[in-house]
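All remarks here apply to the structure that follows.
The values are calculated or read from the model by the stated rules, or taken from the named source; none is laboratory data. Worth saying up front: this structure is predicted, and the values here are computed from it rather than measured. Please note: Cβ atoms are built from the backbone with ideal geometry, for glycine as well, and neighbour counts cover all protein chains shown.
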Amino acid sequence: MNEKEIEECKALAKKIRLHTLKMVFNGKSGHIGSMLSTADIYPVLYKKVLKVDPKNPKWPERDRFLLSKGHGGAALLACLAECGFFPLDWLDRYYCDDGKLSGHISHHIPGVEFSTGSLGHGLPVACGMAMAAKRDGAKHRIIVMSSDGDLNEGSTWEAIMLAGQHHYDNLTMLVDYNRLQALGCSKDIIDLEPLGPKLEIFGWKAIEADGHDPQAIENALSQLPLEPGKPSAVIFRTVKGKGVSFMENEYKWHYGGLVEELYLKAKAEVEAMPPFAKATEGK
Ligand SMILES: [Mg+2]
């Protein structure tokens, strides 16, 4: 990416963070730490990697993106709205009784491929999509985002074994690897390390990358599959709550609401993140 594209990705990431903070504040709850963790990945995905058309969300040849950690879906919804899949003002009533956007993502929303929330569903369904695409000779790719908690699920590892054995090189798993989950540090609950070598034993090609650096994200995703004949895994090193000092690396911010004082403090911190061009929140 050139400098201008990198700045555009950073600016979109800032908008996503501002939207998600406002969505959680308005909705009085949400998985804010998990949303902020992924905010730098979506701009690169939707601007540089995925072949999708916001005006034709069901385009048959589109790439499929599934968010297996559906609880963090507000960041994805903010990105989809900014990309034109649906009106920005839908974000205003996120997690509200009269709103269109639920706390966990729903496939009734344009651009959302699959409803998720309970963990362990994204990769198995993505495997089915990869299998179908192979059988149909279709060229689209299937990309799924997993997480520490999602990789605690047995069904995720069944899918990892299936994809490796059957050489689904049209399938990519991104891992939002912030090493925290709902109730603590992943290493104290189910330690995933060494994650990359474990995936490679099951027939995948795995790499690690900085999940907050747009150029590193683009470099990791610019040539998929990472190795012909193998499913790809990109393990993104991320920080839960990234961008808000009192949320960063604090598992207690996995889920919760924001009182006005903390919302304004968090918003000011995100507004001060580079690039310094004023973000047009909600516009
Ligand atoms: Mg995590």
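Within the group Met129, Met35, which residue is over 27 Å from Gln181 (Cα atoms) and either surrounded by 20 or more Cβ atoms within 10 Å (Cβ to Cβ) or aliphatic (A, V, I, L, M) (or both)?
It is Met129.
Go through the range 43-73 and report how many residues are under 10 Å from the mean Cα position of the chain (by Cα) and within 16 Å of the ligand (Cβ to nearest atom).
Qualifying residue count, the range 43-73: 6.
Please indicate, with yes or no, whether at least one residue in the range 127-141 is within 16 Å of the ligand (Cβ to nearest atom) and modelled with pLDDT of 95 or more.
No: zero hits.
Here are Pro43, Pro124: which of them is buried (at least 18 other Cβ atoms within 10 Å of the Cβ) and under 28 Å from Met161 (Cα atoms)?
Pro124
Out of the residues in the range 95-114 meeting the condition of being among the hydroxyl-bearing types (Ser, Thr, Tyr) and touching a Ser or Thr at 6+ places or on another chain (Cβ under 8 Å), tell me which one is farthest from Tyr46 (Cα to Cα).
Selected residue: Tyr95.
Within the range 177-213, restricting attention to residues that are assigned to a helix (DSSP H, G or I) and basic (Lys, Arg), which residue is nearest to the ligand (Cβ to nearest atom)?
Top of the filtered list is Lys187.
Would you please name the residue that is surrounded by the fewest Cβ atoms within 10 Å (Cβ to Cβ), looking only at residues in the range 46-73 that are without any contact (Cβ under 8 Å) to a residue 60 or more places away in the chain and assigned to a helix (DSSP H, G or I)?
Among them, the one singled out is Lys47.
Would you tally the residues in the range 154-203 being over 20 Å from Asp63 (Cβ atoms) and either among the acidic types (Asp, Glu) or out of contact with any strand residue (DSSP E or B) (no Cβ under 7 Å at 6 or more places or on another chain) (or both)?
29
Identify all residues within the range 74-91 that are crowded, with 24+ Cβ neighbours inside 10 Å and either at pLDDT below 95 or closer than 14 Å to Tyr46 by Cβ (or both); write none if there are none.
Ala75, Leu76, Leu77, Ala78, Cys79, Leu80, Ala81 - these are the residues of the range 74-91 that are crowded, with 24+ Cβ neighbours inside 10 Å and either at pLDDT below 95 or closer than 14 Å to Tyr46 by Cβ (or both).
Restricting to the range 65-90, what's the tally of residues that are aliphatic (A, V, I, L, M), touching a Gly at 6+ places or on another chain (Cβ under 7 Å) and over 24 Å from Leu151 (Cα atoms)?
Of the residues in the range 65-90, 2 are aliphatic (A, V, I, L, M), touching a Gly at 6+ places or on another chain (Cβ under 7 Å) and over 24 Å from Leu151 (Cα atoms).
Output the number of the condition that Gln223 fails; it satisfies all remaining conditions of (1) within 23 Å of Gly73 (Cβ to Cβ); (2) modelled with pLDDT under 95.
Unmet for Gln223, out of (1) within 23 Å of Gly73 (Cβ to Cβ); (2) modelled with pLDDT under 95: (1).
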